[in-house]
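Visitor: Dropping the structure in here first, questions after.
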Amino acid sequence: MKDLTILKIGGSVLTHKHDERSLRTDMINQVANEIADVQRDGLILVHGAGSYGHPQAAKHFSIEKDLAADAFAVFDINANVMELDMYFVSHLVDSKAPAVALHPMNFTLLDEGRIHSMMTEQIVEMLKRDFIPVLHGDVVFDRKQGYAILSGDQIVSYLARELGAKRVGVAVDVDGVMGKDGELIEHITPRNLDGVTFTESSTIDVTGAMRGKIRELLELAEAGIDSYIFNGMKKGNIKRWLEGEKILSTHISD
Ligand SMILES: Nc1ncnc2c1ncn2[C@@H]1O[C@H](COP(=O)(O)OP(=O)(O)OP(=O)(O)O)[C@@H](O)[C@H]1O
Ligand SMILES: [Mg+2]
C-alpha cells in the first residue's frame, strides 16, 4: 500500500499506568485533536491498553483457572480495554477524525502468542475510503494456549509488514529509549542492543514494556521497515510526527 502510516498511541499516554482504570482525559483530548488536525492518506492507529488491560491481565493470568474462569478473565480484560477504546475513539470522531474501532479479538488468531492470522482485507478497504482503522492490544484466542494477550506493539509490527507501511511510529510517555545514565539513545540496531539496559518498569506491563516493544520493532526492522519511538505526551509531537517533521525520538533500524 502506498504511503501507509501506522501510529501506536501507548497505553502509557492514554492512561495512568500506576493506577488501575485511570484515564488521562487531558491526553486523550490532546491526542485526538492532534490526529484530527492532520490531513493524511493511509493512517492506521493502534492503541495500548494501559491501566485498562495490563493490571487485569496480570491478575487473571497468574492464577490457576478452569474454562469458566478463563471466560471470566477474557470478559474482564476485553471489557476494560473496550471501555478505553470507546472513550478514545469517541474523542477522535468528536474531533472530526474519520476513526472506526476494530477489535482484534474478533478477527485474529494467535499461535503461541504470535499472530497466526488476522483479517486485514477489511482494513485495506477502509483505507481506500480514507477511514482510520483503530485497533488495540487485546485478549485473543491462541490455538495452542487458549486465550492469550496480544500487545498493540505486536499488532503494529505485524500490520506494518503485512501491508507494507512507509512510516511507523510508537508514542509513549518518555522521549524514547534511555541509556544507563538517562540519556536518550537516538538509534537502536541489533548491533548496539547490548548497550541498552531496560529498567524494570514500576508499572504493570504484561507484554514486556520497553523491552518487548524493542523486540517487536527490531523484528520489523529486519523486514526492512524502520520505526520511531517518541514522546506522545508532549504537546504537538503527534501532529508533527504525522506531518513528517523530525522530532526527538529513538530510531529503530536493522
Ligand atoms: N531503557 C528504557 N528507556 C525508556 N523507557 C524504559 C526503558 N526501560 C523501561 N522503560 C519503561 O517503558 C515504559 C514504556 O513502555 P510501556 O509498555 O509501559 O508503555 P506503552 O507501551 O505505551 O503502554 P501499553 O503497553 O499499555 O501500550 C516507560 O514508561 C518506562 O518506564
Ligand atoms: Mg507496553
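The values are calculated or read from the model by the stated rules, or taken from the named source; none is laboratory data. Nothing here was measured: the structure is a model prediction, and the numbers come from that model. All Cβ positions, even for glycine, are placed from backbone atoms using ideal geometry, and neighbour counts span all protein chains on display. Remember, those area values only see protein heavy atoms, side chains included, never the ligands or the DNA or RNA. Shrake-Rupley method; radii C 1.70, N 1.55, O 1.52, S 1.80 Å.
Visitor: So in the chain, what percent of DSSP beta bridges are antiparallel if you round to the nearest 5?
Guide: So the antiparallel bridges amount to about 40 percent of the total.
Visitor: Okay, next question. Return the loop-located GluC sites (Glu not before Pro) in the range 53-148 (DSSP other than H, G, I, E, B) with at most 10 other Cβ atoms within 10 Å of their own Cβ; answer none if there are none.
Guide: Here the sparse-neighbourhood loop sites are E64, E112.
Visitor: Does the range 62-138 come out rounded, prolate or oblate, given a ≥ b ≥ c as the square roots of the eigenvalues of its C-alpha gyration tensor, rounded meaning a/c under 1.5 and, failing that, prolate meaning a/b above b/c?
Guide: oblate
Visitor: Now for a separate question. Taking the chain on its own, what percent of its Cα-Cα pair distances exceed 28 Å?
Guide: Counting pairs separated by more than 28 Å, the tail of P(r) holds 28 percent.
Visitor: Enumerate by residue number the trypsin sites (Lys or Arg not before Pro) in the range 201-254 meeting two conditions: DSSP loop (anything except H, G, I, E, B), and at most 13 other Cβ atoms within 10 Å of the site's Cβ.
Guide: Passing both the DSSP loop test and the Cβ count: K235, K246.
Visitor: If you count only protein heavy atoms with a 1.4 Å probe, what accessible area per residue comes out for the range 5-252, rounded to a whole Å²?
Guide: Accessible surface, normalised per residue, equals 46 Å².
Visitor: Determine the distance separating the Cα centre of the range 84-103 from the Cα centre of the range 158-187; give it in Å without decimals.
Guide: Taking the Cα centre of the range 158-187 as reference, the centre of the range 84-103 is 23 Å away.
Visitor: Between Rg and the Kirkwood Rh of the range 53-98, both from Cα atoms, what is the Rg to Rh ratio?
Guide: 1.20
Visitor: Shifting gears a bit: Measuring from the lowest to the highest alpha carbon on each principal axis, how far does the range 138-182 reach, largest first, in angstroms?
Guide: 42, 27, 15
Visitor: Give me D for the range 1-98 in µm² s⁻¹, whole number, from Stokes-Einstein with Rh from the Kirkwood sum over alpha-carbon pairs, 20 °C and 1.002 mPa s.
Guide: 146 µm²/s
Visitor: Consider a paramagnetic label point 7 Å from the Cα of M86 along Cα→Cβ; state which residues of the range 110-146 have an amide N under 18 Å from it.
Guide: 134-139
Visitor: So, one more: Test of the criteria: in the range 58-99, which trypsin sites (Lys or Arg not before Pro) are in a DSSP loop and have at most 13 other Cβ atoms within 10 angstrom of their Cβ?
Guide: K96
Visitor: How long is the gain from D111 to K144 if the chain were fully straight, where each residue apart is worth 0.36 nm and the alpha carbon distance is subtracted?
Guide: 11.3 nm
Visitor: Right, another one. Relative to the compact-globule scaling 2.2 N^0.38 Å, provide the ratio for the alpha-carbon radius of gyration of the range 195-254.
Guide: 1.25
Visitor: Now for a separate question. Once neighbouring chains are kept in place and the probe is 1.4 Å, which whole percent of the accessible area of the chain is contributed by carbon and sulfur?
Guide: Result for the chain: 50 percent of the exposed heavy-atom area is carbon or sulfur.
Visitor: Relative contact order for the range 5-252 using alpha-carbon pairs under 8 Å, separation at least 6, rounded to a whole percent?
Guide: Computed over the range 5-252, the figure is 24 percent.
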